[in-house]
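*Asks:* Submitted below is the structure of interest, expressed as structure tokens.
Derivation of every value follows stated rules applied to the coordinates shown; laboratory data play no part. Every value quoted in this text rests on a predicted model; they were computed, and no experiment measured them. Cβ sites come from the backbone with ideal geometry, for glycine too, and all protein chains shown count toward neighbours.
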Amino acid sequence: MSHNNQHFKIVKHKDYLYVIQEDISIVHSVYTNDPLNMYLILGNHSALLIDTGCGISPLKPIVDKLIGSRKLLVFNSHAHWDHILGNEEFGEVYIHENEEKIVSEPYDLSYAKELFAKYYANRNFSIPPAKIIKKLRNGDVFDLGNITIKVIHAPGHSSGSICLLTNKNELFTGDVAYYGEHFLKYVKN
């Protein structure tokens, strides 16, 4: 089952799992890894949104409709622009401690004004953060009610990249692994 709003494609993958897809190539054709997948996992009492996308179109109303009365947790898989620019819609966001500082401040897109002009010039190339940022650490476990999520620190794509492992043996990798070109960064510990 899937349906579209004007910007996102929403796919019900399982009874408890939605994939919210956003084509980042609309920001600029240099971005060829469409779609960006955000995941919404529904537990009995809580839900987890993995990533908040590009911040071009409102995401929270879609998520609110899908989660019903569940409490919402929002995780960033890492701090790159296409995964965090929707953070300001949500009051509280979790990210690995290595990238907490990045998402705690307004995100400056002025380094590539020509790429981002169409969607971010009216916001002066500065995207506000979520009001509350909480740290994730390797091994942290969150209980959604019948589904538990374990945080696995997986630096490489970025210093704070994480994967999330469920008790149903599902692994959400963010940009640690995806179809298309991979960009790895050496991280010195």
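*Asks:* Using 32 Å as the Cα-Cα cut-off, could you pick out the over-long pairs in Lys65/Lys113; Lys14/Lys113; Lys9/Lys150; Lys113/Lys135; Lys14/Lys101? Write down the numbers at each step before the final one.
*Replies:* On the way: Lys65/Lys113 34 Å; Lys14/Lys113 39 Å; Lys9/Lys150 27 Å; Lys113/Lys135 30 Å; Lys14/Lys101 34 Å.
Lys65/Lys113; Lys14/Lys113; Lys14/Lys101, as the Cα separations exceed 32 Å there.
*Asks:* Amide H to amide H, which residues 5 or more places from Ser77 or on other chains are under 5 Å from it, using H placed in the peptide plane?
*Replies:* It is Asp51, by chain and number.
*Asks:* Test of understanding: in a Gaussian network model of the chain with alpha carbons linked when under 10 Å, which of Pro155, Pro61, Pro128 would top the mean-square fluctuation ranking?
*Replies:* The residue with the greatest mean-square fluctuation here is Pro61.
*Asks:* Rounded to the nearest 500, what is the chain's calculated 222 nm mean residue ellipticity when only DSSP H runs of at least 4 contribute -39500 (n - 2.57) each, over all residues?
*Replies:* The helix contribution divided over the chain gives -3000 deg cm²/dmol.
*Asks:* Further, regarding this structure: For the residues His96, His157, His13, what sequence is obtained by ranking on other C-beta atoms within 10 Å, fewest first?
*Replies:* So the ranking, lowest neighbour count to highest, is His13, His157, His96.
*Asks:* Quick one: order Val74, Val11, Val30 by neighbouring beta-carbon count within 10 Å, fewest to most.
*Replies:* On the way: Val74 25, Val11 16, Val30 9.
By the 10 Å Cβ count, ascending: Val30, Val11, Val74.
*Asks:* Pairs of alpha-carbon atoms within less than 8 angstrom and 6+ residues apart define the contacts here; what relative contact order does region 1-134 have, in percent?
*Replies:* Reported as a whole number, the value is 18 percent.
*Asks:* Over the residues of region 1-60, compute the C-alpha Rg and express it relative to 2.2 N^0.38 Å.
*Replies:* 1.16
*Asks:* Let me ask you something else. Assuming R0 = 45 Å, can you tell me the calculated FRET efficiency for the pair Leu115 and Lys65, based on Cβ-Cβ distance, to the nearest 0.05?
*Replies:* 0.90
*Asks:* Still on this model: Please report the antiparallel percentage of DSSP beta bridges with both residues in region 12-93, rounded to the nearest 5.
*Replies:* 70
*Asks:* Can you run phi through the Karplus equation (6.51, -1.76, 1.60; θ = phi - 60°) for region 30-38 and list ³J(HN,Hα) in whole Hz, with x for Gly and Pro?
*Replies:* Here the 3J(HN,Hα) series is 5, 8, 10, 9, 6, x, 7, 9, 10 Hz.
*Asks:* Can you work out the Karplus-derived ³J(HN,Hα) for every residue in region 108-115? Use 6.51 cos²θ - 1.76 cosθ + 1.60 with θ = phi - 60°, whole Hz, and x for glycine or proline.
*Replies:* Each residue of region 108-115 in turn: 8, 9, 5, 5, 9, 4, 5, 6 Hz.
*Asks:* What would the Debye equation give as log₁₀ I(q)/I(0) for region 32-189 at q = 0.14, 0.21 Å⁻¹, counting only Cα atoms as equal point scatterers?
*Replies:* For the requested q values the scattering log ratios are -0.69, -1.53.
*Asks:* Ok, one more. Taking the beta-carbon count within 10 Å as an exposure proxy, list Asp64, Asp140 from fewest neighbours to most.
*Replies:* Fewest to most other Cβ atoms nearby, the residues stand as Asp64, Asp140.
*Asks:* Considering only DSSP beta bridges where both residues belong to the chain, give the percentage that are antiparallel (nearest 5).
*Replies:* 75
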